[in-house]
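Asks: Sharing a structure with you now.
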Amino acid sequence: MVEIIPAILTDSSARFKELVRRLEPYVNRIHVDVADAELVPSRTVTGYKEIKDTAVAVKFDVHLMVKRPQEYLKEWFYTHADRFIIHVESDANLGEIIKNIKEHGRRVGVAFNPETEPEKSERYFKDIDFVQFMTVHPGFQGGKFVNDVVDNISKFHKKYPGIIIMCDGGVNPEIAPGLIRAGASALVSGSYVVKSGDMEKAIQQLQEATEK
Ligand code: DX5
Ligand code: ZN
């Protein structure tokens, strides 16, 4: 079954905690967007403080859209977040950061911006748990879906059939089926879920769209 993971991207601690509370009854996992106004144009809360204050069982994917992800991990390791997503466009030494995340017993994926060629990071593929294709230009919710990435996903999936593919950005029930056909097995959705009046229904609609 395809996993639908709702995303929180906000610069407000109160809004962050509110969304965790409201999403938690409907999902096993929430995607936390962390932006530093350097790697991407926007800035968000760091997320770890908010999560430490929110005693919830839901799992967290931490999407570090930041130039120096290593500076954020130390605090994140005090939380129960179990998966981290590092951009290949960041300044991180990928080999070292992947090793560090694994040594802390967490899982790790690498993210590619729409224009990035995934093959350039091939040497790390044996050490990661999944890849995340950005299907928008990162930094915001409600961005325009970059259709060219669908082809890149198909090619990637044919070349590396064993690697789990997640897609992040611009996902709605019309777009979801094409991503699944291309080879994705997890879809991250921000605005379609959080801006809908009924989050439970929006998640359900996305889930149903992937089963078509
Ligand atoms: C984009 C973020 C995404 C975003 C998705 O910078 O990494 O996770 O929250 O939001 P939508 O689905 O609105 O594009
Ligand atoms: Zn994200």
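All of the numbers you see were taken from the coordinates with simple rules; none came from a lab. Just so you know, these numbers come straight off a predicted model, no measurement behind them.
Asks: Just from its helices, what would the mean residue ellipticity at 222 nm be for the chain, if runs of 4 or more DSSP H residues each count -39500 (n - 2.57) and the sum is divided by every residue, rounded to the nearest 500 deg cm²/dmol? Walk me through the numbers on the way to the answer.
Replies: Numbers: 8 runs with 68 residues, N = 212.
So the helix-based figure for the chain works out to -9000 deg cm²/dmol.
Asks: What fraction of the DSSP beta bridges in the stretch 3-210 is antiparallel, stated in percent and rounded to the nearest 5?
Replies: Around 5 percent antiparallel, to the nearest 5.
Asks: Taking every pair of alpha-carbon atoms in the stretch 73-140, what share in percent sits in each 10 Å bin, from 0 to the bin with the longest distance?
Replies: That works out to 19, 54, 26, 1, in percent per bin.
Asks: Among the listed pairs K17/K52; K17/K195; K67/K155; K74/K99, which have their C-alpha atoms separated by more than 22 angstrom in this model? Write out the running numbers ahead of the final one.
Replies: Numbers: K17/K52 10 Å; K17/K195 16 Å; K67/K155 28 Å; K74/K99 14 Å.
Violating the 22 Å limit, Cα to Cα: K67/K155.
Asks: Same structure, new question: Gap in Å between the Cα centre of the stretch 137-180 and the Cα centre of the stretch 46-64?
Replies: About 25 Å separates the Cα centre of the stretch 46-64 from the one of the stretch 137-180.
Asks: So if I average 1/r over every pair of distinct C-alpha atoms in the stretch 3-210 and take the inverse, what Kirkwood radius in Å does that give?
Replies: On the way: mean 1/r = 0.0591 Å⁻¹.
Answer for the stretch 3-210: a Kirkwood hydrodynamic radius of 16.9 Å.
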